[in-house]
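Throughout, read-outs are computed from the coordinates displayed, never taken from laboratory work. Predicted model, so just to flag it, every value in this text is computed and none were measured. Cβ placement follows ideal geometry from the backbone for every residue including glycine, while neighbour counts extend to all protein chains displayed.
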Amino acid sequence: MIKPMLERWLEAGLFASRWLMAPFYVGLLGALLALMGAFFQELVHEAPHLLAMTPNDAILLALSLIDLSLAANLVLIVIFSGYENFVSKIDVRGHEDRPEWMGTVDFSGLKLKLIASIVAISGIALLKGFLEITDPAQAVDQDHLMWMVTIHLTFVGSGVILALMDFLTSKSGKKH
């Protein structure tokens, strides 16, 4: 059976509308640049104090930089896999620096990578909060710390539930 011309045009238009997502991914490059700026700002701000740092200060600096790096990795994963899943394939197959995961992360995998990155970022923020407890110069807001733990556990629980849902869906044989 041949589809009516109006239906074919409608479907072609709907399919072409995926390109409306491309500016979102280009805009995320701005977020990546902002994270890079914050990374170097943190580094430059702490550079004069490097020789006078205590081990705790050095760990806090490293955690701050790791936190920014993880957030940047997350943005890059969303840009690449979101663009490839929803807009168009990125044709860099022959490039030696092409990440192995590129082109293999589906929407389900993207959700799990996203929540795993959020849990890691939250865990780093929580670790920084606990390290600040040992600094006598820092006033620790225990309510704030309790909320950080609660939010972190919520992220962990959400990740476990998402992974369980994906596992159960894959076992049922249905596509989602």
Check your understanding: Which value, in Å to one decimal place, does the Kirkwood hydrodynamic radius take for the range 1-84 when every pair of different Cα atoms is included?
Key -> 16.2
Check your understanding: Once both labels are modelled 7 Å past Cα along the beta-carbon direction, what's the LEU6-HIS45 spacing in nm?
Key -> 6.0
Revision key, fill the gap. So for R0 = 22 Å, FRET eff. of ASN73-LEU33 from the Cβ-Cβ r, to 0.05, ends up at 0.90
Study note, to complete from the structure: In the list (1) 9, 33, 30, 23, 5, 0; (2) 9, 29, 28, 18, 10, 5, 1; (3) 8, 23, 29, 22, 11, 4, 2, 0, the entry giving P(r) over Cα pairs in 10 Å bins from 0, in percent computed from the coordinates is (3)
Study note, to complete from the structure: Per DSSP, the loop-located trypsin sites (Lys or Arg not before Pro) within the range 1-108 having at most 13 other beta carbons within 10 Å are LYS89, ARG93
**Study point:** With Cα atoms, 0 to 90° folded angle of helix 5-16 axis to the chain main axis
**Key:** 20
Practice item. Sort out for me the Cα centre separation of the range 47-115 from the range 1-39, rounded to whole Å. Key: 22
Exercise for review: Mind giving me the FRET efficiency for LEU153 and VAL26? R0 is 30 Å, r the Cβ-Cβ distance, nearest 0.05 is fine.
Suggested key: 0.25
**Study point:** Virtual spin-label span in nm between LYS171 and GLU132, 7 Å along Cα→Cβ
**Key:** 4.2
